[in-house]
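Peer 1: Dumping the structure here so I can ask a few things about it.
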Amino acid sequence: MKKGVYLSLVCALSLQAAQVELGTIDVEAKVDTEVIKDVHGEDIKSADLAEALFKQSPSIALSRRSGIANDILVRGQRKDNINVTIDGAKVCGACPNRMDPPISHVATNNVDYIEINEGPYNVEDFGVLSADVKIHTIAPSEKIEGELNLGLGSWGYKKASLNVSGGITDTVKFLLSASTESGEQYEDGDGNDFVGQIQREIDEGKALPAFQYQDRYKDMEAYNKKTLLAKLFWNITDNQELKLSYTANRSDDILYPSSKMDAIYDDSDIYNIEYIAKNLGGYSKKLSMQFYQSEVEHPMSTVYRNVSLNDSANPGNPNEMTHALSTKIQGAKIKNSFDVDNHTITVGMDYSVRNWDGGYYKNGSLFKVPISIDDVDTENMALFLKDEIKIDKLVLDFGLRYDDTTITPGNNMNKAQPKNEYSELNGYIFGTYNADANTKYFAGFGKSSRVPDAKELYWVGMKNTPVGTDNLKATINYEFDIGMEKKFDDATFKAKVFYSKLEDYIAYNSVFAANPAIGQYENVDATIYGFELSGTYMATANLYFDYGMAYQKGEKDSPLTGQTGTDLPEIPPFKFNAVANYDWGESLTLRAEVVAANEWADIDYENGEQKLDAYTVLNLKGTKSFGKNFELIVGVDNVFDTTYAVTNTYQDLILMPTGPNDTVMLLNEPRRYVYTNLRYKF
């Protein structure tokens, strides 16, 4: 890899990962956007995109629930506070306990690149409060080609994936990609698998024996996952294109050791249609229309746990409890861009409606009361406007969005629940000053919002007690960002500082959990601020480095009702990522990666968080090419077998029932993990 090519690449895209090819990225990178490329090539050991992003970006933290289907935090924000789209389609999980977060509905082998836009600087999508994650899947190629991957790893991990794409005719291209993988329960640094970690908590009085796995299930696999991606692109004319795609995910028997339940299955389907027309006239440089539907089914159950064997109310009878949920989003977006003098203007309309429904079952029969989330519709209609103005060395971006949202619950058999309506005008201004060919300065200020979801408003627990608080306000984010980007002969450097004022942040209050008359959420004003540093250094023509670090601090303006602490939950500590890459000739690449974090000491202890120790983890990988068709990858993660945890225990998630000392189970990360992958390209 040549020095000049590499430096221009990392400078333009601010990447946290090496070994990428600029020519395949169809995106105009900006200084406020981090682009993570080639996930399907660099992180082929698992379909779990959350873990891949955690390793590659310092601003992303991992929320681990299992061996797969994990969640992410961006700048200390999670759930609906960040927006996730897959090829422009908004995706939501069905589980109110975040077992199936949006990012879990796409496999790493189907990802082309990911844009991470931090802050309120996106007016095209609904609910971009503090960050926006745009996942772009692989596109069909011009010529017929394909790739076969076979992978093996520790704890019985097995994966096979195949993709084939190319042109059917001069104007029609297709892509088919399929994968299957499974893995056993991973072990932590102390040698405990999922069963062992639960038993540790039981022995220490932190968990109840009733929620240990039954003897016949103690050796079962942690998950099985199958995926399919199909695309058809049609160049109707020289300036018109139609894109059709379908994504299917089928996951079975996913174990969640720190939760009360496991997922029997998690099925999702994403349908996407996009029409693009270019150069239609003076007032239509690019016109696009998109229609999508995403749907998820997610039943979770105690069937594998001891508690399902005996009903305490009716001894000797089974007590299998299942919480079955489904969600569907249908959306449409139309936007048109055109140039007027030094302005590039984009106007558009955005519409989506999400239905969320769920209920409790005992031994296969529906509980009549309560319905957990009863047929809730969240309907959003919006208009947006963007304007990019180029003035010599200065580029100014403006954006406005007006949202009108109505959230309508069904007729819950537990109690009457009110309809909620929200309207908000959001916007931003972001400026980039190109001081010279090697130096950029940038600053932005914006306002964004997100409405409460059906869980936060209406969820009713299995004991017929309200979890949701049905009169929550929308959360508003006022944010300021400032930074600079610099390119040197052998290095690049980027720095960013942000300050976010959150009005009516939606927080969980454990005090309310003890009061069955009211919900468990409340609005509170809060502040998050921090910085991010990243860069690259080209030591020689063969040796090059990437590094990044991120820090954020979050505080409530005042304690929640009945509490005294002001630390905001889910604000990860200082995190550092560093990568050294060495090209040994044309066919061998060696990679050493360090992921480290400070101790997690600023915690929301009154709502279940606990202090976590600092950690440093070393990962190694080698990639060897054999001609043009074969490639062998061998890697070792957590080389020194460190025992550590990266995910805290905020009680917004229902985790393992507390034991006598009233603590929540902490789930450790995997110990030393060895994997290999053989790739064949044709």
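Peer 1: Helix-derived [θ] at 222 nm for the chain: sum -39500 (n - 2.57) over DSSP H runs of at least 4, divide by residue count, nearest 500?
Peer 2: Calculated at 222 nm, the ellipticity per residue is -1500 deg cm²/dmol.
Peer 1: How far is it, in nm, from the label point at residue 317 to the one at residue 439 when both lie 7 Å from their Cα along the line to the Cβ?
Peer 2: With each label placed 7 Å out from Cα toward Cβ, I get 7.7 nm.
Peer 1: Given (1) 133, 54, 45; (2) 77, 75, 42; (3) 74, 54, 51 as candidate values of Cα extents along the principal axes in Å, which corresponds to the one derived from the coordinates?
Peer 2: Of the listed options (1) 133, 54, 45; (2) 77, 75, 42; (3) 74, 54, 51, (3) comes from this structure.
Peer 1: Counting only Cα, what are the radius of gyration and maximum Cα-Cα distance Dmax of segment 164-305, in Å?
Peer 2: That works out to 23.3, 73 Å for Rg and Dmax.
Peer 1: Rank 627, 642, 605 by how far each Cα sits towards the positive end of the charge dipole of segment 540-682 (+1 on Lys, Arg Cβ; -1 on Asp, Glu Cβ) and give me just the farthest.
Peer 2: About the Cα centre, the residue reaching furthest to the positive side is 627.
Peer 1: Would you grab the residues whose amide H sits under 5 Å from the one on residue 207? Only those 5+ places off in sequence or on another chain, please, with H modelled 1.01 Å from N.
Peer 2: Placed amide hydrogens put 202, 659 under 5 Å from residue 207.
Peer 1: A follow-up question, please. State the answer as a single residue: which of 497, 516, 534 lies farthest towards the positive end of the charge dipole of segment 480-539, with beta carbon charges of +1 for Lys and Arg and -1 for Asp and Glu, about the Cα centre.
Peer 2: 534
Peer 1: Report relative contact order for segment 460-617 in percent, whole number only (criteria: Cα-Cα under 8 Å, sequence separation at least 6).
Peer 2: 16
Peer 1: Then there is this: With the contact rule set at Cα under 8 Å and sequence spacing of 6 or more, what percent relative contact order holds for segment 180-277?
Peer 2: Values: 160 pairs, mean separation 24.1, N = 98.
Reported as a whole number, the value is 25 percent.
Peer 1: Mind sorting 564, 536, 108, 527 by how few other Cβ atoms lie within 10 Å of their own Cβ, fewest first?
Peer 2: Details: 564 7, 536 26, 108 23, 527 16.
So the ranking, lowest neighbour count to highest, is 564, 527, 108, 536.
Peer 1: When the Kirkwood radius is taken over all Cα pairs of segment 65-109, what Stokes-Einstein diffusion coefficient follows at 10 °C and 1.306 mPa s, in µm²/s?
Peer 2: Details: Rh = 11.1 Å.
In µm²/s, the coefficient is 143.
Peer 1: With 10 Å bins from zero, work out the P(r) of segment 609-675 over every alpha carbon pair and list the percent per bin.
Peer 2: 17, 31, 24, 16, 9, 3, 0
Peer 1: Further, regarding this structure: Between the DSSP loop rule and a limit of at most 12 other Cβ atoms within 10 Å, which trypsin sites (Lys or Arg not before Pro) in segment 420-487 are left?
Peer 2: Numbers: sites: 440, 447, 450, 455, 463, 473, 486, 487; in loops: 463, 473.
Hits after loop and neighbour filter: 463.
Peer 1: List the residues whose amide H sits under 5 Å from the amide H of residue 519, counting only those 5 or more places along or on another chain, with H placed 1.01 Å from N in the peptide plane.
Peer 2: HN-HN under 5 Å from residue 519: 470.
Peer 1: Arranged by the count of other C-beta atoms within 10 angstrom, fewest first, what order do 609, 145, 295 take?
Peer 2: On the way: 609 21, 145 13, 295 18.
The most exposed by this proxy come first: 145, 295, 609.
Peer 1: So if R0 is 30 Å, what FRET efficiency would residue 564 and residue 464 give, r being the distance between their Cβ atoms, rounded to the nearest 0.05? Show your work: numbers first, answer last.
Peer 2: Working: r = 30 Å, r/R0 = 1.01.
For R0 = 30 Å, the calculated efficiency reads 0.50.
Peer 1: Under the 0.36 nm per residue contour assumption, what length would be gained going from the current alpha-carbon distance of residue 610 and residue 351 to full extension?
Peer 2: Working: separation 259, 0.36 × 259 = 93.24 nm, distance 4.03 nm.
Between residue 610 and residue 351, full extension yields an extra 89.2 nm.
Peer 1: Then there's this: Can you sort 312, 288 from fewest to most other Cβ atoms within 10 Å of each residue's own Cβ? Walk me through the numbers before you get to the answer.
Peer 2: On the way: 312 9, 288 19.
Result, fewest neighbours first: 312, 288.
Peer 1: For residue 305, list long-range residues whose amide hydrogen, built 1.01 Å from N in the peptide plane, is under 5 Å from its own amide hydrogen.
Peer 2: So residue 305 has HN proximity to 214.
Peer 1: Filter the trypsin sites (Lys or Arg not before Pro) in segment 127-201 to those in DSSP coil with at most 10 other Cβ atoms within 10 Å of their Cβ, and list the result. Mind showing how you got there, number by number?
Peer 2: Numbers: sites: 134, 143, 158, 159, 173, 200; in loops: 143.
Answer by residue number: 143.
Peer 1: Just to be sure I understand: of the beta bridges DSSP finds with both ends in segment 48-155, what percent are antiparallel, rounded to 5? Each step should come with its number before you reach the end.
Peer 2: Values: 14 of 19 bridges.
Antiparallel bridges make up about 75 percent of those DSSP assigns within segment 48-155.
Peer 1: Could you point to the residue in 358, 314, 304 farthest towards the positive end of segment 299-367's charge dipole, with +1 and -1 charges on the Cβ of Lys/Arg and Asp/Glu respectively?
Peer 2: Ranked along the dipole, the leading option is 314.
Peer 1: Once you have the Cα-Cα distance between residue 624 and residue 676, take 0.36 nm times their residue separation minus that, and quote the gain in nm to one decimal. Provide the component values of the computation, followed by the final result.
Peer 2: Numbers: separation 52, 0.36 × 52 = 18.72 nm, distance 1.13 nm.
Gain on stretching residue 624 to residue 676: 17.6 nm.
Peer 1: Using 0.36 nm per residue of separation minus the Cα-Cα distance, give me the extension gain between residue 471 and residue 246 in nm, one decimal. Please list the in-between numbers first.
Peer 2: Working: separation 225, 0.36 × 225 = 81.00 nm, distance 3.73 nm.
Taking 0.36 nm per residue and subtracting the Cα distance, the gain is 77.3 nm.
Peer 1: Quick one: dipole size for segment 192-263, taken about the Cα centre, charges +1 on Lys/Arg Cβ and -1 on Asp/Glu Cβ, in debye to the nearest 20.
Peer 2: Details: 10 positive and 12 negative charges, 48 e Å.
Here the size comes out at about 220 debye.
Peer 1: Normalising by the residue count of segment 595-673, find the relative contact order in percent from Cα pairs under 8 Å and 6+ residues apart. Intermediate results must be reported in sequence, preceding the final value.
Peer 2: Values: 131 pairs, mean separation 21.9, N = 79.
This gives 28 percent for segment 595-673.
No lab work stands behind these numbers, since they all come straight from the coordinates. Just so it is clear, the model here is predicted, and its values are computed rather than measured. Virtual Cβ from ideal backbone geometry, glycine too; neighbours counted across all protein chains shown.
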